[in-house]
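Worksheet for the structure shown next.
The values are calculated or read from the model by the stated rules, or taken from the named source; none is laboratory data. This structure is a prediction, so every number in the text was calculated from the model and none was measured. Here the Cβ positions follow ideal geometry from the backbone for every residue, glycine too, while neighbour counts run over all protein chains shown. When the accessible area is computed, the model is the full protein with side chains, heavy atoms only, and any ligands, DNA or RNA have been set aside. Shrake-Rupley method; radii C 1.70, N 1.55, O 1.52, S 1.80 Å.
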Amino acid sequence: MTDETMEPPVEQGKKNAILRRLVKRLEPTLWVFSSLSIFVGIWEFAWWRGWADPLLLPPPHIFLANLTDQFRFFDPGGTRAGALATGGSIFSVLGVIAWSSFRVAAGLVLGFILSLAIGIGIRYFKIFGELVLPLVTMLAPISPVAWLPVAVFIFGIGNPPAIFLVFIAIFFIMTLATLSQIDNVPVHYIQLARIMGVQQAADLPPCDPAFDPARAFRDPAHELVRSMDGGSDCRGCWRRLWSWSSHHDGAQHIQC
(Lines give C-alpha, C1' and ligand atoms only; values in the text may rest on other atoms or scores of the structure.)
Protein backbone atom coordinates (compact mmCIF):
# COMPACT_ATOMS: atom_id res chain seq x y z
CA MET A 1 0.00 0.00 0.00
CA THR A 2 1.53 3.31 -1.10
CA ASP A 3 1.66 6.62 0.75
CA GLU A 4 -0.79 8.08 -1.75
CA THR A 5 -3.47 5.59 -0.72
CA MET A 6 -2.83 6.26 3.02
CA GLU A 7 -2.94 10.04 2.80
CA PRO A 8 -6.70 10.58 2.34
CA PRO A 9 -7.75 8.61 5.48
CA VAL A 10 -5.09 10.44 7.51
CA GLU A 11 -6.24 13.81 6.26
CA GLN A 12 -9.86 12.86 6.91
CA GLY A 13 -8.96 11.82 10.46
CA LYS A 14 -7.28 15.19 11.08
CA LYS A 15 -10.31 17.03 9.77
CA ASN A 16 -12.62 14.98 11.99
CA ALA A 17 -10.43 15.68 15.03
CA ILE A 18 -10.45 19.42 14.29
CA LEU A 19 -14.23 19.34 13.84
CA ARG A 20 -14.71 17.52 17.15
CA ARG A 21 -12.52 20.05 18.98
CA LEU A 22 -14.44 22.92 17.38
CA VAL A 23 -17.79 21.43 18.38
CA LYS A 24 -16.52 20.85 21.92
CA ARG A 25 -15.44 24.49 22.20
CA LEU A 26 -18.72 25.79 20.79
CA GLU A 27 -20.95 23.45 22.79
CA PRO A 28 -21.31 25.74 25.88
CA THR A 29 -22.13 28.70 23.64
CA LEU A 30 -24.72 26.66 21.76
CA TRP A 31 -26.38 25.60 25.01
CA VAL A 32 -26.54 29.23 26.21
CA PHE A 33 -28.00 30.32 22.88
CA SER A 34 -30.57 27.51 23.03
CA SER A 35 -31.60 28.42 26.57
CA LEU A 36 -32.04 32.11 25.71
CA SER A 37 -33.90 31.24 22.52
CA ILE A 38 -36.42 29.12 24.45
CA PHE A 39 -36.93 31.92 26.98
CA VAL A 40 -37.45 34.56 24.27
CA GLY A 41 -39.76 32.20 22.37
CA ILE A 42 -41.96 31.68 25.44
CA TRP A 43 -42.02 35.45 26.03
CA GLU A 44 -43.04 36.17 22.43
CA PHE A 45 -45.66 33.41 22.52
CA ALA A 46 -47.17 34.88 25.69
CA TRP A 47 -47.43 38.27 23.93
CA TRP A 48 -48.95 36.68 20.83
CA ARG A 49 -51.58 34.89 22.90
CA GLY A 50 -52.37 38.10 24.82
CA TRP A 51 -51.16 36.75 28.16
CA ALA A 52 -48.46 39.41 28.59
CA ASP A 53 -49.41 43.09 28.53
CA PRO A 54 -46.98 44.84 26.11
CA LEU A 55 -47.07 47.95 28.30
CA LEU A 56 -45.85 46.05 31.34
CA LEU A 57 -43.86 43.25 29.69
CA PRO A 58 -43.00 44.35 26.16
CA PRO A 59 -41.58 41.44 24.17
CA PRO A 60 -38.07 41.71 22.75
CA HIS A 61 -39.16 42.67 19.23
CA ILE A 62 -41.05 45.72 20.56
CA PHE A 63 -38.33 46.74 22.98
CA LEU A 64 -35.52 46.41 20.43
CA ALA A 65 -37.52 48.38 17.84
CA ASN A 66 -37.71 51.33 20.28
CA LEU A 67 -34.19 50.90 21.68
CA THR A 68 -32.86 54.23 20.48
CA ASP A 69 -35.84 56.01 22.02
CA GLN A 70 -34.99 54.44 25.40
CA PHE A 71 -31.62 56.20 25.54
CA ARG A 72 -33.32 59.41 26.64
CA PHE A 73 -34.07 57.78 30.00
CA PHE A 74 -30.35 57.52 30.77
CA ASP A 75 -28.39 60.48 32.08
CA PRO A 76 -25.73 61.53 29.54
CA GLY A 77 -23.29 61.75 32.45
CA GLY A 78 -23.77 58.02 32.96
CA THR A 79 -24.40 58.27 36.70
CA ARG A 80 -28.12 57.51 36.92
CA ALA A 81 -31.02 55.97 35.01
CA GLY A 82 -34.78 56.44 35.02
CA ALA A 83 -34.81 60.24 34.76
CA LEU A 84 -35.95 61.85 31.53
CA ALA A 85 -32.93 63.42 29.86
CA THR A 86 -31.88 64.76 26.51
CA GLY A 87 -28.95 63.78 24.38
CA GLY A 88 -28.75 60.21 25.67
CA SER A 89 -26.88 57.61 23.65
CA ILE A 90 -25.40 54.15 23.95
CA PHE A 91 -22.51 55.72 25.86
CA SER A 92 -24.97 56.91 28.49
CA VAL A 93 -26.13 53.31 28.92
CA LEU A 94 -22.56 52.09 29.19
CA GLY A 95 -21.84 54.80 31.75
CA VAL A 96 -24.77 53.73 33.89
CA ILE A 97 -23.64 50.10 33.64
CA ALA A 98 -20.12 51.09 34.71
CA TRP A 99 -21.34 53.06 37.72
CA SER A 100 -23.67 50.23 38.76
CA SER A 101 -20.81 47.75 38.47
CA PHE A 102 -18.65 50.04 40.60
CA ARG A 103 -21.28 50.19 43.35
CA VAL A 104 -21.68 46.42 43.39
CA ALA A 105 -17.91 45.80 43.38
CA ALA A 106 -17.31 48.34 46.16
CA GLY A 107 -20.03 46.79 48.33
CA LEU A 108 -18.71 43.28 47.77
CA VAL A 109 -15.10 44.24 48.56
CA LEU A 110 -16.06 46.09 51.75
CA GLY A 111 -18.36 43.26 52.83
CA PHE A 112 -15.70 40.62 52.23
CA ILE A 113 -12.91 42.48 54.04
CA LEU A 114 -14.95 43.54 57.07
CA SER A 115 -16.76 40.21 57.47
CA LEU A 116 -13.45 38.36 57.38
CA ALA A 117 -11.92 40.73 59.94
CA ILE A 118 -14.95 40.61 62.25
CA GLY A 119 -15.18 36.81 61.98
CA ILE A 120 -11.53 36.37 62.92
CA GLY A 121 -11.91 38.88 65.76
CA ILE A 122 -14.97 37.08 67.15
CA ARG A 123 -13.24 33.72 67.17
CA TYR A 124 -9.81 34.73 68.49
CA PHE A 125 -10.65 37.57 70.93
CA LYS A 126 -12.99 36.30 73.59
CA ILE A 127 -14.38 39.59 74.94
CA PHE A 128 -14.90 40.97 71.43
CA GLY A 129 -16.60 37.76 70.37
CA GLU A 130 -18.93 37.67 73.37
CA LEU A 131 -20.05 41.23 72.66
CA VAL A 132 -20.36 41.12 68.86
CA LEU A 133 -21.54 37.59 68.02
CA PRO A 134 -25.05 37.96 69.56
CA LEU A 135 -25.55 41.18 67.59
CA VAL A 136 -24.43 39.58 64.33
CA THR A 137 -26.67 36.57 64.95
CA MET A 138 -29.66 38.81 65.67
CA LEU A 139 -29.23 41.03 62.58
CA ALA A 140 -28.30 38.31 60.09
CA PRO A 141 -31.91 37.17 59.32
CA ILE A 142 -33.05 40.70 58.39
CA SER A 143 -33.64 41.10 54.65
CA PRO A 144 -31.30 43.55 52.90
CA VAL A 145 -34.35 45.36 51.45
CA ALA A 146 -35.45 46.21 54.99
CA TRP A 147 -32.24 48.24 55.39
CA LEU A 148 -33.25 50.60 52.55
CA PRO A 149 -34.88 53.26 54.81
CA VAL A 150 -31.85 53.12 57.11
CA ALA A 151 -29.49 53.56 54.16
CA VAL A 152 -31.42 56.57 52.81
CA PHE A 153 -31.71 58.11 56.29
CA ILE A 154 -27.98 57.78 57.02
CA PHE A 155 -26.41 58.32 53.59
CA GLY A 156 -29.08 60.21 51.66
CA ILE A 157 -29.40 59.76 47.90
CA GLY A 158 -26.51 58.73 45.69
CA ASN A 159 -23.80 56.09 45.54
CA PRO A 160 -23.27 55.52 49.33
CA PRO A 161 -26.71 53.97 50.05
CA ALA A 162 -26.40 51.64 47.04
CA ILE A 163 -22.96 50.50 48.20
CA PHE A 164 -24.28 50.09 51.75
CA LEU A 165 -27.13 47.82 50.61
CA VAL A 166 -24.75 45.55 48.70
CA PHE A 167 -22.43 45.53 51.72
CA ILE A 168 -25.18 44.69 54.20
CA ALA A 169 -26.51 41.93 51.93
CA ILE A 170 -23.35 39.85 52.38
CA PHE A 171 -21.75 41.12 55.59
CA PHE A 172 -23.66 39.08 58.18
CA ILE A 173 -23.78 35.93 56.06
CA MET A 174 -20.05 36.14 55.32
CA THR A 175 -19.26 36.75 58.99
CA LEU A 176 -21.14 33.63 60.06
CA ALA A 177 -19.55 31.69 57.19
CA THR A 178 -16.10 32.81 58.37
CA LEU A 179 -16.85 31.52 61.86
CA SER A 180 -18.07 28.23 60.43
CA GLN A 181 -14.93 27.77 58.33
CA ILE A 182 -12.67 28.54 61.29
CA ASP A 183 -14.51 26.08 63.51
CA ASN A 184 -14.40 23.34 60.87
CA VAL A 185 -10.72 23.42 60.00
CA PRO A 186 -9.68 19.72 59.79
CA VAL A 187 -7.94 18.63 62.96
CA HIS A 188 -5.04 17.05 61.09
CA TYR A 189 -4.22 20.45 59.56
CA ILE A 190 -3.88 21.91 63.05
CA GLN A 191 -1.85 18.91 64.17
CA LEU A 192 0.49 19.25 61.22
CA ALA A 193 0.95 22.96 61.94
CA ARG A 194 1.87 22.23 65.55
CA ILE A 195 4.32 19.57 64.44
CA MET A 196 5.95 22.20 62.24
CA GLY A 197 6.36 24.47 65.27
CA VAL A 198 3.34 26.78 65.10
CA GLN A 199 2.66 28.09 68.59
CA GLN A 200 -1.10 28.59 68.73
CA ALA A 201 -3.46 27.53 71.49
CA ALA A 202 -5.88 24.90 70.25
CA ASP A 203 -8.06 22.23 71.80
CA LEU A 204 -6.42 19.04 70.55
CA PRO A 205 -6.76 15.57 72.00
CA PRO A 206 -3.77 14.22 73.90
CA CYS A 207 -1.29 11.80 72.44
CA ASP A 208 -2.66 8.35 71.73
CA PRO A 209 -1.83 6.12 74.73
CA ALA A 210 -1.17 3.28 72.28
CA PHE A 211 1.56 5.28 70.56
CA ASP A 212 4.67 3.06 70.44
CA PRO A 213 7.95 5.05 70.33
CA ALA A 214 9.96 1.97 69.44
CA ARG A 215 7.75 1.20 66.44
CA ALA A 216 7.71 4.85 65.42
CA PHE A 217 11.51 4.84 65.45
CA ARG A 218 11.51 1.86 63.08
CA ASP A 219 8.61 3.02 60.90
CA PRO A 220 7.87 6.71 61.64
CA ALA A 221 5.62 7.32 58.60
CA HIS A 222 3.25 4.45 59.46
CA GLU A 223 3.02 5.42 63.12
CA LEU A 224 2.46 9.11 62.31
CA VAL A 225 -0.41 8.32 59.93
CA ARG A 226 -1.94 5.92 62.45
CA SER A 227 -1.77 8.56 65.19
CA MET A 228 -3.37 11.21 62.97
CA ASP A 229 -6.16 8.85 61.97
CA GLY A 230 -6.82 8.25 65.64
CA GLY A 231 -7.21 11.99 66.30
CA SER A 232 -4.20 12.23 68.58
CA ASP A 233 -1.95 15.22 69.15
CA CYS A 234 1.03 14.28 66.99
CA ARG A 235 3.25 16.92 68.56
CA GLY A 236 2.92 15.17 71.89
CA CYS A 237 3.64 11.85 70.20
CA TRP A 238 6.79 13.22 68.62
CA ARG A 239 7.89 14.61 71.98
CA ARG A 240 7.48 11.14 73.47
CA LEU A 241 9.42 9.72 70.53
CA TRP A 242 12.21 12.26 71.11
CA SER A 243 12.37 11.37 74.80
CA TRP A 244 12.54 7.64 73.97
CA SER A 245 15.22 8.09 71.31
CA SER A 246 17.39 10.25 73.58
CA HIS A 247 17.60 7.32 76.01
CA HIS A 248 18.36 4.81 73.25
CA ASP A 249 21.13 6.69 71.43
CA GLY A 250 18.85 7.41 68.49
CA ALA A 251 18.32 11.13 68.87
CA GLN A 252 20.69 11.92 66.06
CA HIS A 253 18.34 10.19 63.63
CA ILE A 254 15.23 12.08 64.68
CA GLN A 255 14.28 15.56 63.48
CA CYS A 256 11.53 17.27 65.45
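A 1.4 Å probe, protein heavy atoms only, puts the accessible area of Leu148 near 80 Å². Full extension of the chain segment joining Asp53 with Met196 gains 44.7 nm, where the gain is 0.36 nm per residue of separation less the Cα-Cα distance. For a paramagnetic label modelled on Gln181 (point 7 Å from Cα along Cα→Cβ), amide N atoms under 17 Å away belong, within segment 97-135, to 108-124. Relative to the current alpha-carbon distance between Leu36 and Asp69, full extension at 0.36 nm per residue lengthens the span by 9.4 nm.
Computed from the Cβ-Cβ distance with R0 of 41 Å, the FRET efficiency linking Ser89 to Phe155 stands at 0.85. Ranked by solvent-accessible area (1.4 Å probe, protein heavy atoms only, all chains present), the residues Thr175, Thr29 order from largest to smallest as Thr29, Thr175.
At a 1.4 Å probe radius, which order do Thr68, Thr137 fall into by accessible area, largest first? Could you put the intermediate results ahead of the total?
On the way: Thr68 110, Thr137 75 Å².
Most to least solvent-accessible, the answer reads Thr68, Thr137.
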